[in-house]
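Asks: Okay, here's the structure, questions in a sec.
Coordinate-derived values only; no laboratory data. The structure presented is a predicted model; accordingly, all values stated were derived computationally and were not measured. Reconstructed Cβ throughout: ideal geometry from the backbone, glycine too, with neighbour counts over all protein chains shown.
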């Protein structure tokens, strides 16, 4: 039962949306076995629901984030995680600094394309929520096989 955690900053927009998209993609591909796909934040001060913009972007894709509550990465049993996918280079660096044993399990979502770039936080950069959501969706849809391979611990994808 592979377990994947997708990480953003506050776990209210990018990571919950990405987790919902990945769960849908795994379901539509009829992946054998049981997959656990969760989301977490690298800096969660207070438990909070998904943002209104996340709810809107999820609904556009037929997904429901209405029951989502943010949680921090420190509350996750890291030793039971097969793959961490993060949105920003700083998040990856922070995770690896605090948890060096996760080196072979932690990737930028963008790294799966062969490039490494941060997916911006629209609440910080004021970039379009729709464009960020589409970028996340495109990265996941185009790299599901790589995500599966990494979750199973395959070094090459």
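Asks: How high is the relative contact order of segment 3-151? Use alpha-carbon pairs under 8 Å, at least six apart in sequence, and give a whole percent.
Replies: So the answer I get is 28 percent.
Asks: Something else about it: Grab the beta carbon distance between residue 123 and residue 152, set R0 = 25 Å, and tell me the FRET efficiency rounded to 0.05.
Replies: Plugging the Cβ-Cβ distance into 1/(1 + (r/R0)^6) gives 0.15.
Asks: For residue 74 and residue 130, compute 0.36 nm times the residue count separating them, minus their Cα-Cα distance, and round to one decimal in nm.
Replies: The residue 74-residue 130 span can extend by a further 17.3 nm.
Asks: Which residue fluctuates the most in the chain, going by a Gaussian network model with Cα springs under 10 Å, if the choices are 79, 135, 38?
Replies: 79
Asks: Related question: Assuming R0 = 30 Å, what is the FRET efficiency of residue 103 and residue 47, from their Cβ-Cβ distance, to the nearest 0.05?
Replies: 0.55
Asks: Something else about it: For the chain, just list the percent of Cα-Cα distances falling in each 5 Å bin from zero outward, please.
Replies: In whole percents, the pair-distance histogram is 2, 10, 21, 25, 23, 14, 6, 1.
Asks: Next question, about the same structure. Considering only C-alpha atoms, what is the centroid distance from segment 11-59 to segment 99-157, in Å?
Replies: If we compute the Cα centre of each part, the gap is 13 Å.
Asks: What ranking do 102-113, 14-25 get when scored by the average of other Cβ atoms within 10 Å per residue, highest first?
Replies: 14-25, 102-113
Asks: Sticking with this one: Do the sum for the chain: with -39,500 (n - 2.57) for every DSSP H run of n ≥ 4, divided by all residues, what is the mean residue ellipticity at 222 nm, to the nearest 500 deg cm²/dmol?
Replies: On the way: 6 runs with 60 residues, N = 157.
Calculated mean residue ellipticity at 222 nm is -11000 deg cm²/dmol.
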